[in-house]
Amino acid sequence: MFSGMIFESVIIILTSIFLVFILSKYYKKRHELTLLLFIIFFFYLLSIIFSWLSKVLVLFSGEEYIYNSSAPDPGTPLSWIILRILDFRISFIFLTVAVYLSHIFEVKVFEVAAKKGHRITILIFGLITIIYSLFIYSRGNTLLDAIAFLLVAVYMGIIYGPFCTKSFKLRKQASDVAIKKAFFSLAIMSIFFILVLVNFFLDRLTILLGGPGFSVFYFLGWICVLVGMLFAYYGYIKPKAR
């Protein structure tokens, strides 16, 4: 738990630094898509912060119901939100928002108007995921937590899968080296964002198999967020802002 908190502290600091760079690039050229990527990355950062906060609460709060899952829930509004922070439900919400905004980014960057039915489906799926994460909850119920995790994972696959395919396709079609680099960086970004929950799933799997948790897959999960941002920054944002 402590090592996870320290690790996430480092990831938060590094991610925040890159967000400052991205915002400075936006202010130079006022490129709309740079701002949209900044917002997407900011929601990823919030998901990491609340994951970090869950560990801080367990380690330092001193409240028994927080560090001892068998202790009774006080049933207060504060405990309601704290328990959802502890079980990563709030992090899931921020991830869901980031994924939905990535869909908007996809529509804008590929300049393809999404069909109304598809837009509504994407929005409804995101809302269902957020509502489930907040309200379909019972402490210690692994099945409910697994469903919440699965909803976010499916949502990421629905958005980033086609995003990756389109990026690689346009990279092959482009003749300009800078454009090729931009689409390649966006494709790699989407792959690493998909790998975030893949790694968290593998970490959970190691726990189910008797491991202590916080395996190498857990640390790889948040590293994938940072790597995805790096590719987007150097391949797409930085050249666009020049």
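For the range 56-90, a residue qualifies if it is part of a helix (DSSP H, G or I), of a type outside the set (Val, Ile, Thr) and under 18 Å from the mean Cα position of the chain (by Cα), and the qualifying residues are ARG84, LEU86, ARG89.
Of PHE60, PHE7, PHE2, all but one fail to be at pLDDT 90 or above, more than 20 Å from MET189 (Cα to Cα), of a type in the set (Phe, Trp, Tyr) and exposed (fewer than 15 other Cβ atoms within 10 Å of the Cβ); the exception is PHE60.
Could you check, for the range 168-185, whether at least one of its residues is assigned to a helix (DSSP H, G or I), within 16 Å of VAL227 (Cβ to Cβ) and of a type outside the set (Val, Ile, Thr)? Within the range 168-185, one or more residues are assigned to a helix (DSSP H, G or I), within 16 Å of VAL227 (Cβ to Cβ) and of a type outside the set (Val, Ile, Thr).
Each row is one residue, and each column tells you yes or no for (1) surrounded by fewer than 16 Cβ atoms within 10 Å (Cβ to Cβ); (2) part of a loop (DSSP other than H, G, I, E, B).
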site: ILE191; (1), (2): no, no
site: ILE194; (1), (2): no, no
site: ASN199; (1), (2): no, no
site: ILE207; (1), (2): yes, no
site: GLY211; (1), (2): yes, yes
site: PHE219; (1), (2): no, no
site: CYS224; (1), (2): no, no
site: VAL227; (1), (2): no, no
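Yes or no: GLY161 under 30 Å from LYS28 (Cα atoms), in a helix (DSSP H, G or I) and within 17 Å of the chain's Cα centre (by Cα)? Considered against the rule, which asks whether it is under 30 Å from LYS28 (Cα atoms), in a helix (DSSP H, G or I) and within 17 Å of the chain's Cα centre (by Cα), GLY161 comes out as no.
The sole residue among ALA232, ALA187 that is surrounded by 20 or more Cβ atoms within 10 Å (Cβ to Cβ) and touching a Lys or Arg at 6+ places or on another chain (Cβ under 8 Å) is ALA187. Is it the case that GLY140 is in a loop (DSSP other than H, G, I, E, B) and at pLDDT below 85? Yes: the conditions hold for GLY140.
Among residues of the range 180-192 that are closer than 17 Å to THR34 by Cβ, those with a Cβ under 8 angstrom from a residue that is β-branched (Val, Ile, Thr), sequence gap 6+ or separate chain, pair up as LEU186/VAL109. Taken as a whole, the condition of being surrounded by fewer than 18 Cβ atoms within 10 Å (Cβ to Cβ) and of a type outside the set (Phe, Trp, Tyr) applies to VAL177. For the range 32-65, the candidate set comprises residues that are among the aromatic types (Phe, Trp, Tyr) and touching a residue at least 60 places away in the same chain (Cβ under 8 Å); within that set, the residue that is nearest to ASP87 (Cα to Cα) is TYR44. Taken together, the residues in the range 21-47 that are within 14 Å of LEU226 (Cα to Cα) and of a type outside the set (Phe, Trp, Tyr) amount to 6.
The values are calculated or read from the model by the stated rules, or taken from the named source; none is laboratory data. For clarity, every value in this text was computed on a predicted model and none was experimentally measured. Heads up, the Cβs are rebuilt from the backbone with ideal geometry, glycines too, and the neighbour counts pull from every protein chain shown.
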